[in-house]
Amino acid sequence: MVTVSYAKLSDKLVSIRRDLHRFPELGWREERTTEKICEVLDELKIPHRRLPGLTGVIADIPGTEGVPVVALRADIDALPIHEETNLEFASSIEGNMHACGHDGHVSMLLGAAEILASESALPAPVRLLFQPAEELGAGALKMIEHGALKDVGMIFGGHIDRHFKAGVIAVTDGVVNASADKFVIDITGKGGHAARPHETVDAVIAGSLLVIALQTIVSREVNPAHPSVVTVGKFEAGTASNVIAGRCHMEGTIRTQDDEVRRHLHEALFRMAQSVGQLHGATIDCRIVESLPVLTNTLAATDIARRAAAAVVGSKRVEAMATANMGGEDFSFYIHEVPGCYVRFGGQVEGCVFPAHSSKFVFDEACLLVGAQYLAEVAKTAGETLRVG
């Protein structure tokens, strides 16, 4: 058994993170990132494979035979954002940035890999999932399609969070991320001259009324105890100031933390679109693209995560999210298949108010070693539980 020096490992993880940060790659284009991951796994002599024809890596560390596999996941993609952090290792790729901490997540999982590989024996096999395209909401399903959850008994992951100080791990019961669905609405009216509105069916008027009507779904049809958001983020209509638009195109998202409320929001959107169309004599085509389900931590896995977190940072530094995040997270696809828990790693930088997905997002790199130690510990703790029964 090789003893891991955590001081050296911390330096290594910072170096890996900064290298990845300099070369951010968007979803399904993470070629260099994938090669870097494979390079480190080769050094650790951990068997691994790339997703056929895609980016992303699945690696397996042997453990006690016959025991279900414990999976650990990190997302690897960046965002189409122009970086404005002024970091010495800022993005060298124009228009791309690791603005959500995925460079840190990769480093954490590679650190956990090194810790686990140093053990003489593991209570259960451990699978490392370096997942592409999380920001597109599509990577998890491809990983599952290519065997990521085969023989898996539990899965664990986490996200860097600026709301908690470095050294804190937030382990939360129940819902931690909302569902996220996209809707697309096309309104067809009858265009015409601005001086003769009586000859037209104004798509702008119909679209504007629909935008307002959609806001009443949450405010008047959903129990206030169930957080929900309906957002129209895109509205396109018209070609000139003296022409009444005959067409309008809208796009938006629906988010909620409850599956029953999710179904109601879908039904209400269609109902209101149909009603506005009838009211104005317009044809309204509405479709919903179901994207991400609710991410709900499972009870047994959450208990394991809390124990593992306490073993790493001490029970006083194990906290919980005050409220669930209304953002979507495709880790939810894994938890819909097997028990799991998704935590938050404190990465707060004092005085920094810029959130994830901001061009000025930064985090405290002290969280990298904490995340690596936690992922290794939770794999062993879950493995012991699965081995026993």
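The values are calculated or read from the model by the stated rules, or taken from the named source; none is laboratory data. These numbers were taken from a predicted model, which means no experiment stands behind them. Positions of Cβ are generated from backbone atoms using ideal geometry, with glycine treated the same way; all protein chains shown enter the neighbour counts.
General remarks:
- Test: residue in region 357-380 that is under 22 Å from Thr296 (Cα atoms) and either assigned to a loop (DSSP other than H, G, I, E, B) or touching a Lys or Arg at 6+ places or on another chain (Cβ under 8 Å) (or both): no
- The strands (runs of 3 or more DSSP E) found entirely in region 42-112 that carry 3 or more residues being surrounded by fewer than 24 Cβ atoms within 10 Å (Cβ to Cβ) are 48-50, 57-61.
- Some residue of region 262-273 being closer than 30 Å to Ala112 by Cβ and either assigned by TED's automatic domain parsing to the domain that holds Ala206 or among the small types (Gly, Ala, Ser) (or both): no
- Within region 14-41, the set of residues being among the aromatic types (Phe, Trp, Tyr) and either outside the structural domain of Gly101 (by TED's automatic domain parsing) or over 22 Å from Val362 (Cα atoms) (or both) comprises just one member, Trp28.
- Reported count of residues in region 52-69, each being touching a His at 6+ places or on another chain (Cβ under 9 Å) and under 18 Å from Ala113 (Cβ atoms), is 5.
- Considering each residue of region 197-205 in turn, at least one proves to be touching a residue at least 24 places away in the same chain (Cβ under 8 Å), within 11 Å of Ala282 (Cβ to Cβ), in the same structural domain as Arg262 (by TED's automatic domain parsing) and in a loop (DSSP other than H, G, I, E, B).
- A single entry from Ile115, Ile155, Ile169 fulfils the requirement of being crowded, with 23+ Cβ neighbours inside 10 Å and either more than 17 Å from the chain's Cα centre (by Cα) or over 18 Å from Val70 (Cα atoms) (or both): Ile169.
- When the test is whether a residue is under 18 Å from Glu377 (Cβ atoms), in contact (Cβ under 8 Å) with a residue 12 or more places away in the chain and β-branched (Val, Ile, Thr), Ile155 passes it.
- The test for being under 28 Å from Thr64 (Cα atoms), outside any helix (DSSP H, G or I) and either of a type outside the set (A, V, I, L, M, F, W, C) or not assigned by TED's automatic domain parsing to the domain that holds Ala59 (or both) holds for Glu337.
- Test: residue in region 2-13 that is under 24 Å from the mean Cα position of the chain (by Cα) and buried (at least 17 other Cβ atoms within 10 Å of the Cβ): yes
- Check on Phe270, surrounded by 14 or more Cβ atoms within 10 Å (Cβ to Cβ), among the aromatic types (Phe, Trp, Tyr) and in contact (Cβ under 8 Å) with a residue 60 or more places away in the chain: no
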